[in-house]
Amino acid sequence: MESRNTQLAVGFFVIIGVLALLFLGLQAANTSAVTNGETYKLYAKFDNIGGLKERSPVKVGGVVVGRVSKISLSGDYYEPLVEMTISKQYSEFSDTTSVSILTSGLLGEQYIGLNPGFIDDTVEMLKDGDQIYDTKSALVLEDLIGQFLFSQGND
Amino acid sequence: MNYWGETMLDRVAALGRTTLDTIAGAGAAFFMLMRALIGKPNLRKSWPLLMQQMYSVGVLSLLIIVVSGLFIGMVLGLQGYTILVDFGAEQSLGPMVALSLLRELGPVVTALLFAGRAGSALTAEIGLMKATEQLSSLEMMGVDPLRRVISPRFWAGFYSMPILAIVFSAVGIYGGYLVGVRWLGVDDGAFWSVMQSNVEWGQDIVNGIIKSLVFAFVVTWIALHKGYSCTPTSVGISRATTSTVVTASLAVLGLDFVLTALMFG
């Protein structure tokens, strides 16, 4: 039964490989529901997106609700337009919601912070494909230093 | 024609001969692979052969892969910790260990070990078959040695190495976890959650598997061709075996740079 033992050993070898792949997929990689599942898209225009990248997280109060899916320039004035893919689970944002580009920690990655707006009878809810107009651009360190030096010079 | 002119011409001729030999070798290797792989597969006959080769190429390589994966992961954990702790960033140990294993060390070190452990054995085995004229005997009996000997060994290597690379990465991450979390006291939850937020299925794991598939193809191909085209003497087999390990290792390292530049550049 030489060949049966060989087949058993190869079978276990393949099973070990599949288990290792499962371990990598489930334990090491990011397979959270936010990027799968049903999503809808929101758009926002910024003056400057700083170091924002595609696949950067979109957070509400630190909780990831979606990801940046596309960054492009739009309009006659080439304004950066950011497409955000948000989980359907969080579909109740009003159109008074504001977005800003924030940095995690002092040197960390940049992400989009959503601040949900107030809700009453006069405001509408954001739907798939809507644009958020209340935006705050990324903090660019060079601009900040420039402004600081300029204000120092005025004193 | 004076003496210096003669030697210069000899050099040029030597260069030409080397070039022609290299091209002929590459062509022979290509045709060997094509003739071994193209054709109607006979699953009932080739399945037991493939199993036998998967066993000797894959299963028997598992131990060295697991042990070296564990130790490389532990070393990464230890070295990464001593550097990251200076910046108070020891929670980034998880992604550092996972990304370096999945993207680079898993596929590359597995391919290097595979070239040394299984590739050299393949070359020596086929070289000896050639030296003892077993390959010619097969041909005499009307059995194509390329289909019977080369093809199952190629597929066994091609299927085994990605599995070995995945096992290597998984065991290495566990080694990093053992050293980082259990020994040096990095926070358990942060180790895994920061890793999960930085490692992506498509970008990191799938690209690592693609890399190991390419390495598997190249290493197995080189090993088989060196064995099949060796000079059928004891010196020839020894040279071919050495040449397999050297050529395969260089090819893996060179290709790794190209693949990394394409995938992550």
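Under a point spin-label approximation (7 Å from Cα along Cα-to-Cβ), what is the B:Asp144-A:Phe118 distance to one decimal in nm?
Between B:Asp144 and A:Phe118, the label points sit 8.0 nm apart.
Would you mind checking which residues have amide H under 5 Å from A:Lys136's amide H? H placed 1.01 Å from N; only 5 or more apart, or other chain.
It is A:Val99, A:Ser100, A:Ile101, by chain and number.
Any idea how far apart A:Glu54 and B:Leu15 come out in nm if each label point goes 7 Å out from Cα toward Cβ?
The two pseudo-label positions are separated by 4.6 nm.
Mind listing which GluC sites (Glu not before Pro) in the range A:95-146 are in a DSSP loop and have 15 or fewer other Cβ atoms within 10 Å?
A:Glu109, A:Glu124
Roughly speaking, what is the centre-to-centre gap between the range A:86-155 and the range B:98-116 when only Cα atoms are used, to the nearest Å?
Using only Cα atoms, the two centres lie 42 Å from each other.
Under 21 Å between C-alpha atoms is the cut-off here; go through the protein assembly as shown and count lysine pairs that meet it, provided they're at least eight residues apart or on different chains.
Lysine pairs satisfying the spacing and distance rule in the protein assembly as shown number 23.
Viscosity 0.692 mPa s, temperature 37 °C: what is the translational diffusion coefficient of the protein assembly as shown from Stokes-Einstein with a Kirkwood Rh over Cα pairs, rounded to a whole number of µm²/s?
Answer from the Stokes-Einstein relation: 127 µm²/s.
For B:Val206, A:Val68, A:Val63, what's the fewest-to-most ordering of other Cβ within 10 Å of each Cβ?
Fewest-to-most Cβ neighbours within 10 Å comes out as A:Val63, B:Val206, A:Val68.
Based on other C-beta atoms within 10 Å, arrange B:Leu93, B:Leu255, B:Leu37 from fewest to most.
By the 10 Å Cβ count, ascending: B:Leu37, B:Leu255, B:Leu93.
Quick check on the range B:1-130: take the gyration tensor over C-alpha atoms, sort the square-rooted eigenvalues as a ≥ b ≥ c, and tell me if it's rounded (a/c under 1.5), prolate or oblate.
The shape class here is oblate.
Could you tell me what % of all Cα pairs in chain B have separations over 33 Å?
34
Can you give me the angle between helix A:141-154 and the longest principal axis of chain A, using Cα atoms only, in degrees from 0 to 90, rounded to the nearest 10?
20
Give, in nm to one decimal, the length gained when the segment between B:Leu262 and B:Thr22 is fully stretched (0.36 nm per residue of separation minus the Cα-Cα distance).
Stretched fully, the B:Leu262-B:Thr22 segment lengthens by 83.7 nm.
Between helix B:188-198 and chain B, what is the angle of the helix's C-alpha long axis to the longest principal axis, kept within 0 to 90° and rounded to the nearest 10?
50
How about the range A:45-106: which trypsin sites (Lys or Arg not before Pro) there are in a DSSP loop, with at most 16 other Cβ atoms within 10 Å of their Cβ?
Here the sparse-neighbourhood loop sites are A:Lys53, A:Arg55.
Counting residues in the range A:39-147 as N, plug N into 2.2 N^0.38 Å and put the Cα Rg over that result.
1.06
What do you get for the angle between helix B:3-37 and the principal long axis of chain B? Use alpha-carbon atoms, 0 to 90 degrees, nearest ten.
With rounding to tens, the tilt is 70 degrees.
Quick note: the coordinates plus some simple rules give every number you see, no bench work behind them. The structure displayed is predicted, hence computed values, not measured ones. Using ideal geometry, Cβ is built from the backbone for each residue, glycine included, and neighbour counts are taken over all protein chains shown.
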